[in-house]
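All of the numbers you see were taken from the coordinates with simple rules; none came from a lab. Bear in mind that the values here come from a model prediction, so they are computed numbers and not experimental data. Don't worry about glycine lacking a Cβ; one is built from the backbone with ideal geometry, like all the others, and counts go over all protein chains shown.
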Amino acid sequence: MDKEKLVLQLFDLGVLQFGQFTLKSGLSSPFYLDFRRVVAYPETLKHISDQLWELIKELDFDHLCGVPYAALSLSSAISMRHNKPMIVKRKEVKKHGTKKMVEGIYEEGEKAVVIDDVISSGISMIETLEVIEDEGLEVDYVIAIVDRMQGGVSTLEKQGYEVKSVYTIEEILNILHKNNKVDDHTYKLTLEFIHNNQIGYDKLRLQRNVVPKLSYSTIKINTANEITKRLLTIIESKQTNLCCSADVNTKKELLELAEQVGPYICMLKTHIDTVADFDSELIVKLKSLSQKYNFLLFEDRKFADIGHIAKQQFTSAPLNIADWADIVTVHVVAGSSSIDALRSTEQLDTTGLIVVAQMSTEDTLTSRDYTKEALKIAQKHQDVVVGIVGQNKRPRDAGLMMFTPGIKLEAGGDAHGQVYNTPQEAFEMRGIDVMIVGRGIYQSENPAKKSAEYKQVGWKSYLKRLGLEE
Ligand code: S5P
């Protein structure tokens, strides 16, 4: 059956309804899609599952998973017709037996395609994705019969999933309008409703509380890395999760800034190759300030070359990074061999690594897969890796810390693609451990005062995430 005929059939069966309906969110909607009715019409179920199969038949996956309840019949139908194993995500936790949240037979690392009937805000889909990814399954594709065009698809895409739907609501409306099933008024009203009721990513995140509530002391217990422990001790004793990114270009400016922000930070981050008059005296002075104010020196060198070169960049004069940096960043675009190479310098007992897993720019190439692989590398090398630089929700791994740049008291961006989020959003919604702030501090009139302000906001947001402060 073709897509147009199927829409007309769904309309006749009362699956697509127009009128006035109150949605789960409390919103009053001029249309309602009730795919649960389809279980009463096996032939229609078959036609829908054929359309869904067209979307996924070429994809690489091991399991089908329907979001309960409406999509369970759909995933069952596809599973039987195309001999694809199915898994089922429970809606409620079992009181007895295994307490498993996902039923079926699967191995960690296998791929699942998740199917829902309708995507509106994306929230029920995300809830399902979180549960099945926690089981170690990987999800790249998300499938639906209808995209209600209210923001859910872009929310899911922002999280790195590829979303495919048989219809958008607009396509359905066009078919029904063309076939005189809905009048001009309903047609316009429905389009207007969609347009005016967008449920954005940020609004959605604010409604959810899925961030791992990891405290600094929990991370300290879970890490075997001595540099991570040192950093956590500083964070806890100074009550600051602020890293100042000191991106200034002369020795004088850098030392002045370090002196001003020193009392309020846990780390001072440098791009030492951008300091025009760099010399070894600068390092002596920075070291002394780091002792005076108790912060770590973090050289954001982002090694990215083949191991043989990264090793030289780490140890060679004139910068001699390995001799003074407590922490350095490394890209793993060249693979985990970059870490092996840095390890072979035998300098990593005094310099910890932070893996850049994801970047903050709007056009970053660090895809979801890249970030996942980078995290795996960081996990594998936890003895020398302190954590990751990332933007998304904090990984649940308590042995690694998450460092997040692109933070300002006011969200926004710069002229070169940098994207800023607020400390509150980063700590409370994404569960990050340390915020990295550059221009928000050193371009302000009074960097000392500003860093004190960031320190206070950051600490408060951290406590709020733990439920220790309103
Ligand atoms: O994805 C990233 C990773 C890093 S480490 N995006 C970033 O902006 N950074 C660094 O954080 C960047 O090199 C700069 O030093 C700092 C952000 O500075 P700001 O002035 O935009 O706060």
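Which order do peptides 357-365, 321-329 fall in by mean Cβ count within 10 Å, highest first? Let's see the in-between values first.
Numbers: 357-365: 16.2, 321-329: 20.9.
For the peptides 357-365, 321-329, the packing ranking is 321-329, 357-365.
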Run through the range 14-58 and list the GluC sites (Glu not before Pro) located in a DSSP loop whose Cβ has at most 13 other Cβ atoms within 10 Å. Glu58
According to the square roots a ≥ b ≥ c of the eigenvalues of the Cα gyration tensor, what is the shape class of the range 284-370, taking rounded for a/c under 1.5, prolate for a/b larger than b/c otherwise, and oblate for the remainder? oblate
Under 5 Å between amide hydrogens, which residues at least 5 positions from Lys111 or on another chain qualify, with H placed 1.01 Å from N in the peptide plane? Asp62, His63, Glu138
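About its Cα centre, what dipole magnitude does the chain give when the only charges are +1 on Lys and Arg Cβ and -1 on Asp and Glu Cβ, stated in debye to the nearest 20? Don't skip to the end; give the middle numbers.
Details: 57 positive and 66 negative charges, 277 e Å.
Dipole magnitude for the chain comes out near 1340 debye.
So for Thr218, Thr155, fewest C-beta neighbours within 10 Å to most, what's the order?
Values: Thr218 14, Thr155 24.
Exposure proxy ranking, most exposed first: Thr218, Thr155.
How long are the three semi-axes of the equivalent ellipsoid for the chain, computed from the Cα gyration tensor as the root of 5 times each eigenvalue, in whole Å, largest first?
On the way: eigenvalues 483, 117, 75 Å².
With the √(5λ) rule applied to the chain, the semi-axes are 49, 24, 19 Å.
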Per residue and in cubic angstrom, what volume does the convex hull of the Cα atoms of the range 216-465 have? 114 Å³
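Pulled fully out, how much extra length does the chain show between Thr345 and Asn179, if you take 0.36 nm times their separation in residues and subtract their Cα-Cα distance? Working shown, then result.
Details: separation 166, 0.36 × 166 = 59.76 nm, distance 7.25 nm.
That pair, Thr345 and Asn179, stretches by 52.5 nm at full extension.
Counting only DSSP beta bridges with both residues in the range 189-328, tell me the antiparallel percent, nearest 5.
Values: 0 of 9 bridges.
Around 0 percent of the beta bridges assigned by DSSP in the range 189-328 are antiparallel ones.
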Run through the range 58-140 and list the trypsin sites (Lys or Arg not before Pro) located in a DSSP loop whose Cβ has at most 14 other Cβ atoms within 10 Å. Arg90, Lys91, Lys94, Lys95, Lys99, Lys100
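Can you tell me the relative contact order of the chain? Whole percent, Cα pairs under 8 Å, sequence separation 6 or more.
Details: 860 pairs, mean separation 50.2, N = 470.
With pairs under 8 Å counted, the relative contact order is 11 percent.
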Which whole-angstrom value gives the distance between the alpha carbon centres of the range 403-470 and the range 212-283? 15 Å
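Count the DSSP beta bridges whose two residues both fall in the range 3-207, then state the antiparallel fraction as a percent rounded to the nearest 5.
On the way: 7 of 27 bridges.
Expressed as a percentage, antiparallel bridges in the range 3-207 total about 25.
Taking a ≥ b ≥ c as the square roots of the Cα gyration tensor eigenvalues, with a/c under 1.5 meaning rounded and otherwise prolate when a/b beats b/c, else oblate, which class fits the range 3-207?
On the way: a/c = 1.90, a/b = 1.44, b/c = 1.32.
Verdict is prolate for the range 3-207.
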Which of the lysines could be linked to Lys252 by a straight reach, that is with a Cα gap under 20 Å, when you skip same-chain ones fewer than 8 residues away? Lys269, Lys285, Lys287, Lys292, Lys449, Lys450
For the range 216-465, what proportion of DSSP beta bridges, expressed in % and rounded to the nearest 5, is antiparallel? 10 percent
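For a footprinting-style exposure proxy, rank Ser79, Ser344 by other Cβ within 10 Å, fewest first. Before the final figure, lay out each step's value.
Details: Ser79 18, Ser344 12.
In increasing order of surrounding Cβ atoms, one gets Ser344, Ser79.
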Run the quick spin-label model on Leu466 and Glu4: label points 7 Å from Cα toward the beta carbon, then report their separation in nm to one decimal. 6.3 nm
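Determine, for each peptide in 366-375, 222-231, 454-463, the mean count of other beta carbons within 10 angstrom over its residues, then list the peptides with the highest first. Walk me through the intermediate numbers first.
Numbers: 366-375: 17.2, 222-231: 18.9, 454-463: 21.0.
Packing proxy ranking, top to bottom: 454-463, 222-231, 366-375.
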